[in-house]
Structure formats: structure tokens, C-alpha cells
Amino acid sequence: MGGFTPARATRFFVPLLLQAFSQCLTYPLVAAIVSHGELGVEGYAAFAQGQTVMFLIGALGSGLVLTGMVHARTRAGYRCFRRLNFAMMAALLGVQLFVTLPPFYGLVFGELLGLPPDLVSVARETLGWGVFMQAAFFFRNEPLVVLYNARASFEANLATTVRLVLTMASSPLFVHMGWTGPMWGVVAMTGPCFVEYALSHLYARKYVRALPDDDGRGVTAQPATHRVVDQFRFTVPLSLGGVLLAVAPLLVAVFVGRTENAVAMLAIHYVTIGVANPVAFGALRMQAVAIQFPPEWPGDRRMLAYAACAGLALGALPLLFTLPGVSDWYFCEVQNLPADDLWRARALMGVYALAPFLQALRGRLEGLAAWMKRPKTVMAGQIAHVATFLSALSLSLCFGMPGWQMGASAILSAAAATILFLHLDLRR
């Protein structure tokens, strides 16, 4: 398939970028359905809390894709990966349903996250019905790793594009028909997820049939149960790192919930992060690029330069939402944000322009660590991320920083700390 060149890396990266961007874009699109319900933008805050807890639980399997890219390159490895993926899906869906039972949902959404009683029930229902969407994400892991390993990122992106188109079509349709509110938001997100999985599975079949029986190192001689256990051990540190990342929005909610006018401050945070996250997560897909194009000689830093340039280019996208026409339309008309809070949203988008650059550098380091089969380095970097994140939030609350500023300041400082830690640990 060839070594690194900027053209090859871009052909592989751009579909991944578009996939991540379009995948995250479905959430602000669905937000229009949710925020036009009876509860308005506060209903979206509760909906986002339910989704955040769902993604926190799902993050326990967040290392599966990178695990598959490393270990599912043969028929035997792929079969073991499928067994591992299904087992983790079944266990985590059980955990998700368990949290919706009393008294746990009240402790999580009411006591911990500080939602009022009427919004607690909204967050609980969002989490409960979200099990179908969570299942679709896990099913998608299997064809996704095959497509990535074959560098068929275009096909993976095409499936996600279909999902995005369906979600985009449902958003104005649902609002026009009066199908608004949190539960209709869940419906609008779940159906397209299964369409995406079905298409990904269809595209991946020919690559599955082409998988070799052995990688030339005698892997098939190892018992299948042992290979599943080995993959699980590889996944755990990567997944724990993902859990720590998923905790970040909850930490923001915990701290912002203790500031003045907390619900309004949370709404500002969620509608702005809904725009910033698609670009930032797209930049983080540099992980897969780093695995597919590892260093070809000691001191090979071409991927570092590529990641830096890509991050800078992507940083221009959040700046579009600081422009008067774009920001007025999106934040006030689409997301129903009060006009008095518009200047805050614009300021946050200017700050979030730094996020893609930092995430691209971090993604390159995490992909390099996974290629070197050092998942504990990735997990340790995520621990540094959350430690810095928590410290920044604590200091912000202590010194009286307004709630709408706390999330952005903590996110950027934690990303910078993660880059520094990963760099130092990989040099060790």
C-alpha cells in the first residue's frame, strides 16, 4: 500500500476527518429537534446530560477500534476481535440499563449533576432509550476496523455520510411536524446509526474475505481464548483512557452546576462544544493515520509536521462561527440560544479554534504509542489529561470564573498537558 507521503496520508485522513465531523455534526442537528420542545434549551441540557452518561459507559469500549487495527489483520485475529466486541457490548448495555433504575438515576442526574427533578426524568429516558444507538456503535466496530486496515476510509466515510444525510433530513422534518423534544431527538439519531452499520458491513465484506489466515508469525497456533484475552488486555488501557476523556463533560457539568445561573451556563457550553467537537474529534483521527503510516526510520518526523499543518488548517473552521451572520443564524435561530448569550458563544468559538491543532498533535502521539504496542502510555496520558482538567476546573471555581468559560479553559489546558506527557513518555 506504500509508505508515507503527504498525498497518501491526506487520501486516508480526509475521509476519516469527514466521518468524524459528520458523526459529531448529528448531535447539534438533533439539538434543534430537542431545543424546540416544551422545555426549550433547558431540555437540550438534560438531553445532553443523558447522552454524556451514555457515551461515558460506551467509552469503556473506546479502545476497541485501535485494538482491531493492530490485532484484527488476520482471519483468526478478526474472529477473536468480534468475540471481544460482542462480549463488551453485552456487558456495557447491561450497565447502561442498570443506571436507569432507581435510585441510581436520581443519584447520577440529580445529586451528582445537579439537574432539577423535571429534567432528571428527561436525562433518564434519554439514557434508557439510548441503548439501541449504543448497540449500533458497537456493531459498527467490526466492519470499521476492516475498512481502516484496508485503507478503505472512503467507504467508511460514505456510510457515515448517508447517516448524516438522514439525520439532516429528519431535523427540519421533525420540527415541521411538531415531533420535538428529547425523545424525538433520540429517535432521529438512532435509526440512521443502524443504516450506517448496515452499509459499513456491506462495504467491508470483500475485505474480510481477503484477510490472510496467518500473519507469518505463527499467531494461529495460539488458542483462540488466549488471543481474545490478549486483545482484551490490550484494549483495557486504551478504553480506560477513553473513559477518562468521557468523564470530562460530566466534570464540566458538576462544576458549572455550582456556579451562578447554572442551567443557562450549561446550555452555552453544550451548544458551543457541539460545534467545536466535530472538528476537534476529526483532528483526533490522526491516531489512525499514525498507525497506518508509522516512522520509516529513526527520527522520522514527517507525521509530526503533517499533523501540525492539518491541525492549523482545521482550526480555521470554528472561527467561522464567530462571524455575525453565521453565529446569529446557528446559535439563536437553530439552537434557540437567548440573544443575550450570543457574545459568549462567539467568544468561546474563537478560543476553540486552538482545539484542532492540539488534538491533531495528541492523536499523532497516541497512534504512535498504539503502533508501538504501548497502550499503557496512552492511558497514562489520559490520566494526565483528566488530572489537569480537574485541576483547571477546581481553580476556575475557586477564583470565581464565569461558568460559560470553565469548560473551554479546562479542555485546552488538559489537551496541552496530555501532549507534553505523551511526548516525554515516548522519548523514555
Cα pair count fraction exceeding 21 Å, expressed as % - region 63-170: 52
Rounded to the nearest 10 Å², the accessible area of C309 at probe 1.4 Å: 90
Before anything else, pin down the relative contact order of the chain: Cα pairs under 8 Å, at least 6 apart, normalised by residue count, whole percent. 24
What is region 87-133 by shape, rounded, prolate or oblate, if you read a ≥ b ≥ c off the alpha carbon gyration tensor as root eigenvalues and call it rounded for a/c under 1.5, prolate for a/b larger than b/c, and oblate otherwise? prolate
Accessible carbon and sulfur surface of region 119-162 relative to its total accessible area, %, 1.4 Å: 69
Given Cα positions, please report Rg to Rh for the chain, the hydrodynamic radius being the Kirkwood one. 0.95
5 angstrom amide H check on L337, placed H, neighbours 5+ away: C332
Zone residues, region 403-428, relative to S391, backbone N less than 19 Å from point 7 Å out along Cα-to-Cβ: 406-426
Using the alpha-carbon centroid of each, what span in Å lies between region 313-345 and region 128-191? 25
From the backbone phi of region 41-52, what are the Karplus-calculated ³J(HN,Hα) couplings (6.51 cos²θ - 1.76 cosθ + 1.60, θ = phi - 60°) in whole Hz, Gly and Pro given as x? 5, 5, x, 5, 4, 5, 4, 5, 5, x, 5, 5
Per the Kirkwood formula on distinct C-alpha pairs, the Rh of region 1-129 is how many angstrom? 17.4
So for region 43-116, considering every pair of alpha-carbon atoms, how many percent are separated by more than 15 Å? 62
A student applying the Cα gyration tensor rule (rounded when a/c is under 1.5; otherwise prolate if a/b is larger than b/c, oblate if not) would label region 281-401 oblate
Under Karplus coefficients 6.51, -1.76 and 1.60, residue-wise ³J(HN,Hα) of region 9-18 in Hz, glycine/proline x: 4, 5, 4, 7, 7, 4, x, 5, 4, 5
Under a 1.4 Å probe, what is the accessible area of the chain per residue, stated in Å²? 41
At a Förster radius of 51 Å, what calculated FRET efficiency corresponds to the Cβ-Cβ distance of V165 and A347, to the nearest 0.05? 0.95
Over the heavy atoms of H176, what accessible area does a 1.4 Å probe trace out, to the nearest 10 Å²? 150
Could you run the Karplus curve 6.51 cos²θ - 1.76 cosθ + 1.60 with θ = phi - 60° over region 412-428 and give me ³J(HN,Hα) per residue in whole Hz, x for Gly and Pro? 6, 5, 5, 5, 5, 5, 5, 4, 4, 5, 4, 4, 5, 6, 6, 6, 5
Which shape class, rounded, prolate or oblate, goes with region 243-339 when its Cα gyration tensor gives a ≥ b ≥ c as root eigenvalues, a/c under 1.5 marks rounded, and past that a/b bigger than b/c marks prolate? oblate
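The values are calculated or read from the model by the stated rules, or taken from the named source; none is laboratory data. It should be emphasised that the depicted structure is a prediction, and the values quoted were computed from it without experimental measurement. Heads up, the Cβs are rebuilt from the backbone with ideal geometry, glycines too, and the neighbour counts pull from every protein chain shown. Calculation scope for accessible area: heavy atoms of the full protein, side chains included, ligands and nucleic acids excluded. Shrake-Rupley method; radii C 1.70, N 1.55, O 1.52, S 1.80 Å.
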